[in-house]
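Written out below as structure tokens is the structure these notes cover.
The values are calculated or read from the model by the stated rules, or taken from the named source; none is laboratory data. Predicted model only: the values in this text are computed from it and were never measured. Heads up, the Cβs are rebuilt from the backbone with ideal geometry, glycines too, and the neighbour counts pull from every protein chain shown. Quick note on the areas: whole protein, heavy atoms, side chains included, nothing else; ligands and nucleic acids left out. Shrake-Rupley method; radii C 1.70, N 1.55, O 1.52, S 1.80 Å.
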Amino acid sequence: MDPRGNWAQDVLRCDLCETPVLPTECMYCDICDNYLCSPCVGKHLSNESTEHKVVPFKKRGSTTKCQKHFSKICELYCEQCDIPICVQCASKEHKGHDFVDMVETLDNQRKIMLRDLQEIEKSIYPKYQEIASIIPVQRADLNENSLKISKTIEKHGEDLHREIDTMIKKLKSDLGEMDSKYLAVLNIQEKEIVVMISEIKQSIADLKKLLKSNDVSLISAYKSRNDEFRRLPPKLTATLPKFTPEKINKEQLYQQFGSLSALSIKTEEHGHTIDFPGAESSPSGRPLIDIPRIIREINTEYGVFFLLRSVSYLSNDEIWMSGSSNMMKLYDLEGKLVKSVRTKSGKLPFDIAVTGSGDLVYTDESDKTVNIVKNTEIQTMITIQEWTPRSVCSTSSSDLLVLMDSADSKQSKVLRYSGSTEKQCVQFNDKGQPLYSNDLYKYITENKNLDICVSDGGARAVVVVSHAGKLRFTYTGRSKTFFPWAITTDSQGRILISECALHCIYILDQDGQFIRNIDNCHLQDPWGLCVDTRDNLLVAENKTGKVKKIQYLT
């Protein structure tokens, strides 16, 4: 056949009678992969050892074979599991789920695809090209602004250096004047003492000469000067000048020197929304369903002896997990163990996260490190001195946010890292007060709007700061018993928090307003949380070792 797909001009052969058949007249069995002429269709269907699905040649491949029952055709589509299934699957593994006809599903999908193609080609793609053309201009503006600010900073620095040099010169001048004044006094006293010493020496010599003399007139004329010599010169006592350097207060110095305003990046999504004729209108965010439901339960090797704590989504089929064991484990949705990785230190990981490139990251409080797992090799990314890393998350910009406590467990802060380079520290509010408690169990995540969200068990609060580290709000629950554990966010910017004691999940909007609880899914000690690409919530049960996949959006 023509590899370019121009099969209308080619001739096929029936796999039963080997008669040449034009593609426009050829039939095809999707199950058996046979080409058939019209007369042989009946003969082929008479073979009852397997199912058949005979379609016109141009519709070949439209039949889906069941992945579990290979001789069966997928005639149904499970809406709950989002996969094609056969009748046998519907009566067993998917019993009780909602189904629709496979042909109807395919027809609907083709209509959606055609509409999407038209919209992409005629509206979306040109708009993206237009937006892309703006980026070089924005980049040029950025470079120009950066150059201008750099020159201003340098000039200001030179001014500050001049002021410091002037200050140094004045201090040295003042010191010189004080030295000269004291030196003049010393010189005067020294001259007076030298004269007096000379006179004392002369007196000594005269007295020795007189004592040897018998000249009555000289001896009679002697006048004692000892009273004069006994009056010693005044003793000079001076307090010499001292320089007392002030401790250099870096923060105060930065404030006096000046500061950069924070970079503000706004994503005006609605400003780029395109109206396309025929496109179905949809709400800005998927609404919550009335009754959340469990769509899958994943049994793991965790449980009473090895408690399950953290879960981090890798793909639609696989989830990383960790707990009170030095092994971090990758499971598929069927509960099959795919991979295990032992921590480098052999101690327990405190928390895990998955980067945008699919690598596993974990914190190790025993050796104060943050590590990344690439394939099976563990590399230490960050070693922290005098602080202990606790929770970690990977951001949309591929940075890492690490929540840590001081060695004396009295302080907590969040550090942002690009690779192993520290970029940002979040520790205090505008009044200089700590943002976070010193409690051991705190977890961190980044929201869609780049907010940094921390669940703080010690403070019994969820603390949310902006990308620049400014406090946006603190949520303290709807009762005094509120005790947050793990935290995650979905694609709509909603914040989800596990409440282990009350066995439920809190849902807030991105501004900290309470939306609802998920308390109907028989959760037992919910701890770790994450969401998949479809915004299904994955909840790790601490003591049962189960992970429950919950649908809470329409």
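Taking the conditions exactly as written (closer than 30 Å to Leu236 by Cβ, part of a helix (DSSP H, G or I) and modelled with pLDDT under 95), does Lys181 satisfy them or not?
Answer is yes for this residue.
Among Glu154, Glu199, which is assigned to a helix (DSSP H, G or I), touching an Asp or Glu at 6+ places or on another chain (Cβ under 9 Å), modelled with pLDDT of 90 or more and of a type in the set (D, E, K, R)?
Selected residue: Glu199, the only one of Glu154, Glu199 that is assigned to a helix (DSSP H, G or I), touching an Asp or Glu at 6+ places or on another chain (Cβ under 9 Å), modelled with pLDDT of 90 or more and of a type in the set (D, E, K, R).
Of the residues Gly432, Gly469, Gly458, which is assigned to a loop (DSSP other than H, G, I, E, B) and crowded, with 17+ Cβ neighbours inside 10 Å?
Gly469
Of all residues in the range 436-455 being open to solvent by less than 10 Å² (accessible area, probe 1.4 Å) and in a loop (DSSP other than H, G, I, E, B), which is nearest to Arg309 (Cα to Cα)?
Taking the candidates together, the pick is Asn447.
Take the range 90-123 and flag every residue that is part of a helix (DSSP H, G or I), within 26 Å of Leu333 (Cβ to Cβ) and small (Gly, Ala, Ser).
Matches in the range 90-123: Ala90, Ser91.
Can you tell which of Pro245, Pro234, Pro241 is in a loop (DSSP other than H, G, I, E, B) and in contact with a helix residue (DSSP H, G or I) (Cβ under 7 Å, 6 or more places away or on another chain)?
Going through Pro245, Pro234, Pro241 in turn, the sole match is Pro241.
Listed here are the residues, each with its yes/no results for (1) on the phi > 0 side of the Ramachandran plot; (2) basic (Lys, Arg).
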| position | (1), (2) |
| --- | --- |
| Asp399 | no, no |
| Asp405 | no, no |
| Lys410 | no, yes |
| Asn447 | no, no |
| Val465 | no, no |
| Gly477 | yes, no |
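Looking at (1) modelled with pLDDT of 95 or more; (2) open to solvent by less than 10 Å² (accessible area, probe 1.4 Å), which is the only condition Leu529 fails?
(2)
Going through Leu106, Leu76, Leu45 one at a time, which residue ends up being open to solvent by 80 Å² or more (accessible area, probe 1.4 Å) and under 30 Å from Asp15 (Cα atoms)?
Sole residue among the options that is open to solvent by 80 Å² or more (accessible area, probe 1.4 Å) and under 30 Å from Asp15 (Cα atoms): Leu45.
I'd like to know if the range 113-120 contains one or more residues that are surrounded by 12 or more Cβ atoms within 10 Å (Cβ to Cβ) and within 30 Å of Ile73 (Cα to Cα).
Yes.
Tell me which residues, restricted to the range 488-503, are within 16 Å of Gln551 (Cβ to Cβ) and surrounded by fewer than 20 Cβ atoms within 10 Å (Cβ to Cβ).
Selection gives Ser491, Gln492.
State all residues of the range 168-208 that are in contact (Cβ under 8 Å) with a residue 60 or more places away in the chain and in contact with a Lys or Arg (Cβ under 7 Å, 6 or more places away or on another chain); if no residue qualifies, say none.
none
Being part of a strand (DSSP E or B), under 24 Å from Lys368 (Cα atoms), at pLDDT below 95 and open to solvent by 30 Å² or more (accessible area, probe 1.4 Å) is the requirement here; does Lys423 meet it?
When the stated conditions are applied, Lys423 passes them.
Being within 21 Å of Ser391 (Cβ to Cβ) and hydroxyl-bearing (Ser, Thr, Tyr) is the filter here; which residues of the range 474-523 pass it?
Within the range 474-523, Thr474, Tyr475, Thr476, Thr488, Thr489, Ser498, Tyr506 meet the criteria.
Which condition number does Gly285 fail, the rest of (1) open to solvent by 30 Å² or more (accessible area, probe 1.4 Å); (2) modelled with pLDDT under 80 being met?
Status for Gly285: all satisfied but (1).
Among the residues of the range 24-66, count how many are touching a Pro at 6+ places or on another chain (Cβ under 9 Å), farther than 30 Å from Cys78 by Cα and of a type in the set (S, T, N, Q).
Adding up the residues that qualify gives 1.
Based on what the data block shows, is Ala205 in a helix (DSSP H, G or I), modelled with pLDDT under 95 and farther than 30 Å from Pro245 by Cα?
yes
Residue by residue, here is whether (1) open to solvent by 30 Å² or more (accessible area, probe 1.4 Å); (2) part of a loop (DSSP other than H, G, I, E, B); (3) farther than 28 Å from Leu496 by Cα; (4) not hydroxyl-bearing (Ser, Thr, Tyr) holds:
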position: Arg293; (1), (2), (3), (4): yes, no, no, yes
position: Tyr302; (1), (2), (3), (4): no, yes, no, no
position: Ser312; (1), (2), (3), (4): no, no, no, no
position: Ser315; (1), (2), (3), (4): yes, yes, no, no
position: Val338; (1), (2), (3), (4): yes, no, no, yes
position: Ser345; (1), (2), (3), (4): yes, yes, yes, no
position: Leu348; (1), (2), (3), (4): yes, yes, no, yes
position: Thr380; (1), (2), (3), (4): yes, no, yes, no
position: Cys393; (1), (2), (3), (4): no, no, no, yes
